[in-house]
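Shown next, in structure tokens, is the structure this report addresses.
The values are calculated or read from the model by the stated rules, or taken from the named source; none is laboratory data. As the structure is a computational prediction, the values presented were derived from the model and not from experiment. Cβ atoms come from the backbone with ideal geometry, glycine included; neighbour counts cover every protein chain shown. Please note that ligands, DNA and RNA were not included when accessible areas were found on the heavy atoms of the full protein model with its side chains. Shrake-Rupley method; radii C 1.70, N 1.55, O 1.52, S 1.80 Å.
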Amino acid sequence: MQTAKDYLHVFLDMGDALLNSGAEIFRVEDTLNRMGYACGAIQMNVFVITSSIVITMEFPGDGARTQTRRVREDGGNDFTKLEQLNDLSRRFCRQPVSAAELRKEFDKINVDKPKPLWKLFGSLLAASSFALFYGGSISDAIAAGLGAVLIWALQQYFRPVCMNEVTFQFAASFLTGCVICGLVLLCPFLHMDKIMIGDIMLLIPGLMSTNAIRDVLIGDTLSGIIRLIAALLLAAALALGFMGAILLFRRLGL
């Protein structure tokens, strides 16, 4: 006979994976509630914010059990994994399986896959396209592409060693700004503002701001406010980083 103890840990892992794949708070809570009732729980209480998941399950004759998960990841956006997790939860609700079988299916989805170079290609395309869209020349688009390569490299290799996302945002924007200013100093025909606009679009927390507003509108006010504050801090770090690079190079005669 399955008990709450058997399911709690895998439910926490699923909630963590959903949250860090871009799921809204309501989706995480609703998914875990439905799965809990589907596997036989008589009482389910799930509380989720951007940094914490709390699940209380009660099975007949087993009493209530509670576990808490501190979410330390920075909340990414992996819609392929999100769709796979949604599909797994729907299949589980239609036909519940044991905790061991659920864990096996979950691990197939949650396995760490090698990071493809598609993200680099997307960064190059986005930065160059935005530079052109805002009035830049082909040369500006190429320079923005060089900045995009630097941002991609920093995201791949420098982000894991940063203490938090705000620190990374400031460092990445400052270093990228310095490279752009250096290029403009060496090649005066380039337009610094157009190149920076293209690269800023890779770092700006637009989706996080959208998710914050969405959370507030559907009633998850606390999580929405937390996300909004985080988005504003990241935007401020982004602005300070590029501004610091511009001020530094102005002293060098840019």
Cβ-Cβ under 8 Å pairs, at least 6 apart or on other chains, the range 17-33 side part of a helix (DSSP H, G or I), far side basic (K, R) and open to solvent by 10 Å² or more (accessible area, probe 1.4 Å): A17/K81; L18/R27
Consider C178 against the criteria (1) hydrophobic (A, V, I, L, M, F, W, C); (2) in contact with a Lys or Arg (Cβ under 8 Å, 6 or more places away or on another chain); (3) buried (at least 18 other Cβ atoms within 10 Å of the Cβ): it satisfies all of them except one. Which criterion is unmet? (2)
Close pairs (7 angstrom Cβ cut-off, 6 or more residues apart or separate chains): closer than 14 Å to R70 by Cα in the range 4-16, of a type outside the set (D, E, K, R) and at pLDDT below 90 anywhere: D16/V71
Matching entry among A23, A41 (being buried (at least 18 other Cβ atoms within 10 Å of the Cβ), more than 30 Å from A212 (Cβ to Cβ) and modelled with pLDDT under 90): A41
Residue in the range 161-171 that is in the same structural domain as L132 (by the TED database), within 16 Å of the chain's Cα centre (by Cα) and more than 21 Å from A235 (Cβ to Cβ) present: no
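Identify all residues within the range 156-192 that are of a type in the set (D, E, K, R) and free of Cβ contacts under 8 Å to residues at least 40 places away in the same chain; write none if there are none. So that I can check it myself, show each step before the final result.
Narrowing the range 156-192 to residues of a type in the set (D, E, K, R): 159, 165.
Listed by number, the list holds a single entry, R159.
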Residue among A245, A236 that is more than 14 Å from G147 (Cα to Cα) and either of a type outside the set (D, E) or not assigned by the TED database to the domain that holds G136 (or both): A236
Candidate set from the range 190-212 (those that are open to solvent by 50 Å² or more (accessible area, probe 1.4 Å) and modelled with pLDDT under 90); member that is farthest from L234 (Cα to Cα): T210
Inspect all residues belonging to the range 152-160 and state whether any of them is open to solvent by 100 Å² or more (accessible area, probe 1.4 Å) and either touching a Leu at 6+ places or on another chain (Cβ under 6 Å) or of a type in the set (S, T, Y) (or both). yes
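Applying the selection to the range 213-254, what residues are of a type in the set (G, A, S) and modelled with pLDDT under 85?
Hits for the range 213-254 are G219, G253.
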When Y37 is run through (1) in contact (Cβ under 8 Å) with a residue 12 or more places away in the chain; (2) in a helix (DSSP H, G or I), the failure sits at (1)
Check on V71, among the hydrophobic types (A, V, I, L, M, F, W, C), buried (at least 19 other Cβ atoms within 10 Å of the Cβ) and closer than 22 Å to A212 by Cα: no
Would you pick out the residues in the range 44-59 that are closer than 27 Å to V111 by Cβ, in contact with a strand residue (DSSP E or B) (Cβ under 7 Å, 6 or more places away or on another chain) and buried (at least 16 other Cβ atoms within 10 Å of the Cβ)? V46, I53, I55, M57
Looking across the range 231-254 at residues that are surrounded by 21 or more Cβ atoms within 10 Å (Cβ to Cβ) and of a type in the set (G, A, S), the single one that is farthest from A23 (Cα to Cα) is A245
